Amino acid sequence: MERRVLPQARRGTARATPLRKLALGASVVLGLVAAAPLSAQAAAPAACAALQEKYPDWKGKTLVNAINPHTPGYETIDPKNPSKYIGFDIDLGEAIGECLGFKLTYKPVTFAALLTTLAAGQADIVISDIYATKERAKAADFITYSKVFDGVLVAKGNPKGINGINMSMCGAAAAENTGYVEVPLIQALIPECKKAGKAEPTIQLYDNNANCIQAILAGRADTYVNDVNTVDSAVKAYPDKLEKAIAVTIPYSVGIAVPKDKPKFRDAVLAALIEVQKAGTHMELLKKHGLDVNNFKEPDILTAD
């Protein structure tokens, strides 16, 4: 999941030969809706009513959530209904909105454009599996809500013997999303590999998860490091061609990004998320979308200060 030391977000432009996109990489337009989420208010109507009274500015409003809809389990186009988005982040955002009395529409962008879209005022919130870092907090405030565990995706049989973001990556080609935190972690191996007299790792940058996975399937890349749930989904989709070499811990949390100049909105989202968690909705959504319940964490605020 997260990524990177750029104050942007997690994805960007492919710097390799154009690839055949996977089905979930299809382009989409603003205005798609989300499938009905589990209800936060149904479990805690009094608490949510109190929050709507305390934070009335957003009650009855329709806000824009900027998303990169290419992460199965988190946010993708519904294959059964291309007019809808589905996933954990979609349902979580809808539950928070229901608690505070607002509705959400969606603006699909590349990962690298998530925070710039927010900063430009083209979106009100970003709930899209983005890792909260101090560098990114220069562009937005974050309400964190999930622990981060990454998986190392490789071709079946792991021919390069990769076992983590370590010296086993020397000489390997890594496919990564532009803006992800994994990029500088791999780049940091370059001088270490050189010092050991080994070939340095190379990095191919792409727009989304689907293209990174396709790079391994096509033999252009040896590995892809990303959120473990994304990696597990890829292995499930291609069990004869891919495998997870190992899971690694990344010292970040996933967060909801909001504009830095709207601390009242940040506090309202935090309060609603707390109620959603108290109601058990957060944990139910993790199970609903087949995500590891160990990702659950109580929310905190991360700012650049």
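Would a scan of segment 206-220 turn up a residue that is of a type in the set (D, E, K, R) and under 23 Å from Ser168 (Cβ atoms)?
Yes, the conditions are met somewhere in segment 206-220.
Report the residue count in segment 271-303 for those that are under 20 Å from Ala46 (Cα atoms), β-branched (Val, Ile, Thr) and assigned to a loop (DSSP other than H, G, I, E, B).
The total comes to 0.
Answer with yes or no whether Tyr252 is among the hydroxyl-bearing types (Ser, Thr, Tyr) and either over 23 Å from Ala175 (Cβ atoms) or modelled with pLDDT under 95 (or both).
Against the criterion (among the hydroxyl-bearing types (Ser, Thr, Tyr) and either over 23 Å from Ala175 (Cβ atoms) or modelled with pLDDT under 95 (or both)), Tyr252 qualifies.
Filter segment 45-79 down to the residues that are in contact (Cβ under 8 Å) with a residue 60 or more places away in the chain and of a type in the set (Gly, Ala, Ser), then identify the one that is surrounded by the most Cβ atoms within 10 Å (Cβ to Cβ).
Of everything passing the filter in segment 45-79, Ala66 is surrounded by the most Cβ atoms within 10 Å (Cβ to Cβ).
Let's see how each residue does on (1) over 23 Å from Gln52 (Cα atoms); (2) crowded, with 21+ Cβ neighbours inside 10 Å:
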{"residue": "Leu92", "(1), (2)": "no, yes"}
{"residue": "Gly97", "(1), (2)": "no, yes"}
{"residue": "Thr105", "(1), (2)": "no, no"}
{"residue": "Ala119", "(1), (2)": "yes, no"}
{"residue": "Gln122", "(1), (2)": "yes, no"}
{"residue": "Val126", "(1), (2)": "no, yes"}
{"residue": "Asp129", "(1), (2)": "yes, yes"}
{"residue": "Lys138", "(1), (2)": "yes, no"}
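For segment 145-167, state whether one or more residues are part of a strand (DSSP E or B), under 22 Å from the mean Cα position of the chain (by Cα), among the β-branched types (Val, Ile, Thr) and modelled with pLDDT under 95.
Yes, segment 145-167 contains at least one residue that is part of a strand (DSSP E or B), under 22 Å from the mean Cα position of the chain (by Cα), among the β-branched types (Val, Ile, Thr) and modelled with pLDDT under 95.
For every residue, the table says whether it meets (1) in a helix (DSSP H, G or I); (2) open to solvent by 30 Å² or more (accessible area, probe 1.4 Å); (3) touching a Cys at 6+ places or on another chain (Cβ under 6 Å).
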position: Asp232; (1), (2), (3): yes, yes, no
position: Asp240; (1), (2), (3): no, yes, no
position: Ile246; (1), (2), (3): no, yes, no
position: Pro251; (1), (2), (3): no, yes, no
position: Lys260; (1), (2), (3): no, yes, no
position: Lys264; (1), (2), (3): yes, yes, no
position: Val269; (1), (2), (3): yes, no, no
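Scan segment 188-211 for residues that are in contact (Cβ under 8 Å) with a residue 24 or more places away in the chain, outside any helix (DSSP H, G or I), open to solvent by 60 Å² or more (accessible area, probe 1.4 Å) and more than 15 Å from Val225 (Cα to Cα) and jot them down.
Lys198, Ala199, Glu200
The values are calculated or read from the model by the stated rules, or taken from the named source; none is laboratory data. Nothing here was measured: the structure is a model prediction, and the numbers come from that model. For neighbour counting, all protein chains shown are included, and Cβ atoms are generated from backbone atoms with ideal geometry for every residue, glycine included. SASA here: full protein model, heavy atoms, side chains in, ligands and nucleic acids out. Shrake-Rupley method; radii C 1.70, N 1.55, O 1.52, S 1.80 Å.
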